[in-house]
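Structure, as structure tokens:
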Amino acid sequence: MNSTSAAEAPPVIRIPGLIKRNIALFALSQSFTGAGMQFAYGLGGLTVIYLTNSAALAGLAVALLGLSRFLVAYPIGRVTDKLGRKPGILLGLVLALMGSIIVGLASVVHGIATFTVGMLMFGMGMNAAQQLRVAATDMVPPRIRAQALGYVALGSLAGLFASPLIVEQSERIAPQLGQNPLSLPWFFLPFLIVPGMLLVKLVKPDPKVIGMNLSQYYPENVLPPKRTGPAAPPFTVPQLLRVPSIRLAILSNCAAQGNMSIVMVLTSLVLHHHGSSLGAIAMSQTLHTTGMFAFTIPLGKLADRIGRNKVMIPGVAVTLVGAALVAFTGDFFPVTLGAFLVGLGWAAANVASTALIADYVDTAQRGRAIGVSDSFAGGVSVVASVITGPLIDAFSLSTAGLIAVLLAVPPLVMLPLTRRAMTPPRAAE
């Protein structure tokens, strides 16, 4: 019996040192650049209120990040499919660097238009740099693809710890420099983005080249055979959406992203409404972000072991539970638990849906395919974050939370309806 089990066990995949080095470089790059997104989420709403004196516009920063994702995800996918992953990632980081300076200037000149341009540019750059997720899927066989995504995403956790330190120091020295505490962190951000760019430059060869020649890097492992017969048809969005599994992956990504966009705006407002201190609110946001990134490796391993849908769909369900806790409780601990669960569910849905799409699409088309998913998610995020403020003004905090809950429902309904139509992925090269 033991010998049979051993024969049936899949062989261990030995990852070449070159691939491990590249994944580590991408994860380290994320650790440097990830702090910027914490500034956008943590300081963006406060900056908007400072510039406009309107709480109804508190979701503007998150909306601009979603809009930037919608605008850039597919075009940058075309760039990386044609030129390689590194040029697209580096282009994004250059754009993010320029945007961070403009956002910093917005509070100095007290201009909401300047803030809007800067945040949109920063968001486009950071979302373009997320092609490193595509790069991670290129460099490993399908059986460990989600795990590789988890290692890269974990790098963002270091930015979580760097961000509060930079904000705290900026708040301390801003009066001495005659600067606004809301603007100064953005002027420090280029000193993190530049090292992140240098780390990406060290990745060799380009991950797309590795993906196109995967068997050369894993000669001892049994890899899926390359496609036979006619070449893959030219990439089109309708063709991509004909695959039921990909439709479900995109819908799950959209649901998790839309749910989280509302909860990220809502959490601080709910806690403030119920009398929590700024320190408590900051702690709640930190635990939310911990949920987003701290568990990506075990979630990736689980998705590789038991299947993408078995991690992706429960992840969406967890965001639903988390949003309900944020919307309908009010006390610090249940609200913070809800925010944490939303981050954890988002991580599961994001890692598993990205790996699932990568499983179905060849390397030469993978940047655009994942870009399509990100574009749809960005569009949902824009709508979700824009309506949050007006919903709160017109109705209540709980009403906005209810919308977050409802956004998580469609993938849960779609799964049983499409299960029979799902087919395993053809081997992608």
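Values computed for the structure shown
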| item | result |
| --- | --- |
| Mean Cα-pair separation over length for the range 63-190, i.e. relative contact order, pairs under 8 Å, 6 or more apart, % | 29 percent |
| Inter-label distance for Arg78 and Glu220, nm, one decimal - labels placed 7 Å from Cα along Cα-to-Cβ | 4.3 nm |
| Rounded, prolate or oblate (a/c below 1.5 giving rounded, otherwise prolate when a/b exceeds b/c) for the range 25-75 by Cα gyration tensor | oblate |
| Distance (nanometres) between label positions extended 7 Å along Cα→Cβ at Gln179 and Arg419 | 5.6 nm |
| Ranking by accessible area, most exposed first, for Trp346, Trp186 with a 1.4 Å probe | Trp346, Trp186 |
| Cα shape, the range 150-204, gyration tensor, a/c 1.5 rule | oblate |
| Lys204-Ile13 FRET efficiency (beta carbon distance; Förster radius 25 Å; 0.05 resolution) | 0.70 |
| Extension reserve of the Arg143-Leu406 stretch, reckoned as 0.36 nm per residue once the Cα distance is removed | 91.4 nm |
| Relative packing of 351-357, 64-70, 122-128, which averages over residues the other C-beta atoms within 10 Å, highest first | 351-357, 122-128, 64-70 |
| Relative compactness, the range 336-414, computed as alpha-carbon Rg over 2.2 N^0.38 Å | 1.33 |
| Spin-label pair Thr236/Phe161, simplified geometry with 7 Å Cα→Cβ offset, distance in nm | 5.0 nm |
| When each of Lys204/Lys301; Lys20/Lys201; Lys82/Lys208; Lys86/Lys208; Lys20/Lys310 is checked by Cα-Cα distance, pairs over 18 Å | Lys204/Lys301; Lys20/Lys310 |
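The values are calculated or read from the model by the stated rules, or taken from the named source; none is laboratory data. Fair warning: this is a prediction, and the values are worked out from it, not measured in the lab. Cβ sites come from the backbone with ideal geometry, for glycine too, and all protein chains shown count toward neighbours. These accessible areas exclude ligands, DNA and RNA; they are computed on the full protein's heavy atoms, side chains included. Shrake-Rupley method; radii C 1.70, N 1.55, O 1.52, S 1.80 Å.
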